[in-house]
Amino acid sequence: MLYQGRTDIATESLRQLDGSAGELTEKQGVIAVQEHLHGLELMAVDILNETGAQALGKPIGKYFTLDLPQRFERGAEQFEAAARAVGELIVCCCEKRDSVLVAALGNPDITPDALGSLAASSIIVTRHLKQQSPSDFSAFSSVSLCRPGVLGTSGIESAQQVKLLCSLLSPDLVIVIDALAGADLDRLCRCVQISTAGISPGSGVGNDRQELSAETLGVPVIAMGIPTVIDAGIFVEEGLSGLFVTPRSIDALVRSGARVIAYGINLAVHQGLGIGDIDMLVS
């Protein structure tokens, strides 16, 4: 069931527009292609210009929405396929990844918003190691990590913290991880969106913060996330404004999704690593 409401997912905005992903064309500023990657369904949406941006209510950029398998926890048969697909999509979004800053957003004390914090626990951080012993870690990219938290607990906008770190570290790429809001109940916690358009934390739940994008940070940005909540308006016409619903098994789903994202990032930025290698390095 698709709710005609606020969503961070570009493919859902596309479906809401006319009920069909084929309605918009390149002349209207949007290209949408349905594909498969490692056996998983993938929708690629490219918003080409302001006409397409206004039609979908999303910034110009590339948006990949990868459907996750039925079971995607570490140890599940298709976990590796999901992680490798995420890694390949990151590579498609940015060629240069020698120096990467990962920004894990969200509130770790609120489970549906803890995606970034949980993913951070499985990111292989190497910047300090490459500085201390570059020859021993020459096969790794330089990866640093920050967990800005949320404005209500830090008093500082996440975008301001990340921008300051960019000026200090001069990374080739910033990867931002954050929980998203969706509008399709069947795909809640069941897909990953990867985008070159940046992100405005909290926008999916009507709490927009300062944007993190190539324009605001001065370096390429890849935004990654999983829809973990949906507007309660899907169930009733009125009376639940401002309330959001999350799956009963959100604890397990957000942990599994965070690991898929983290492993995908590791595969994309550290060439030559396998899933087993990552297991050993993050355990």
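The values are calculated or read from the model by the stated rules, or taken from the named source; none is laboratory data. Please read these numbers as outputs of a predicted model, since none were measured by experiment. No Cβ is skipped: glycine too gets one built from the backbone with ideal geometry, and neighbour counts run over all protein chains shown. Heads up: the accessible areas ignore ligands, DNA and RNA and are worked out on the full protein's heavy atoms, side chains in. Shrake-Rupley method; radii C 1.70, N 1.55, O 1.52, S 1.80 Å.
Inspection of the range 45-66 finds a residue satisfying the criterion of being buried (at least 18 other Cβ atoms within 10 Å of the Cβ), more than 22 Å from residue 211 (Cβ to Cβ) and in contact with a Cys (Cβ under 9 Å, 6 or more places away or on another chain).
Across the range 143-163, the number of residues qualifying as on the phi > 0 side of the Ramachandran plot and open to solvent by less than 20 Å² (accessible area, probe 1.4 Å) comes to 1. Here the condition is being open to solvent by less than 50 Å² (accessible area, probe 1.4 Å), within 15 Å of residue 86 (Cβ to Cβ) and under 18 Å from the mean Cα position of the chain (by Cα); of 265, 278, 250, it holds for 265 alone. Kindly indicate whether residue 223 is assigned to a helix (DSSP H, G or I), among the aliphatic types (A, V, I, L, M) and open to solvent by less than 20 Å² (accessible area, probe 1.4 Å). The answer is no for residue 223.
Is at least one residue of the range 106-126 over 16 Å from the mean Cα position of the chain (by Cα), of a type in the set (Gly, Ala, Ser) and within 20 Å of residue 225 (Cα to Cα)? Checked against the condition, which is being over 16 Å from the mean Cα position of the chain (by Cα), of a type in the set (Gly, Ala, Ser) and within 20 Å of residue 225 (Cα to Cα), the range 106-126 yields no hits at all.
Every residue, every condition in (1) closer than 25 Å to residue 11 by Cβ; (2) of a type outside the set (Val, Ile, Thr), yes or no:
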{"residue": "90", "(1), (2)": "yes, no"}
{"residue": "143", "(1), (2)": "no, no"}
{"residue": "165", "(1), (2)": "no, yes"}
{"residue": "168", "(1), (2)": "no, yes"}
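In the range 67-119, which residues are within 12 Å of residue 257 (Cα to Cα), among the basic types (Lys, Arg) and crowded, with 22+ Cβ neighbours inside 10 Å? Those that are within 12 Å of residue 257 (Cα to Cα), among the basic types (Lys, Arg) and crowded, with 22+ Cβ neighbours inside 10 Å: none in the range 67-119.
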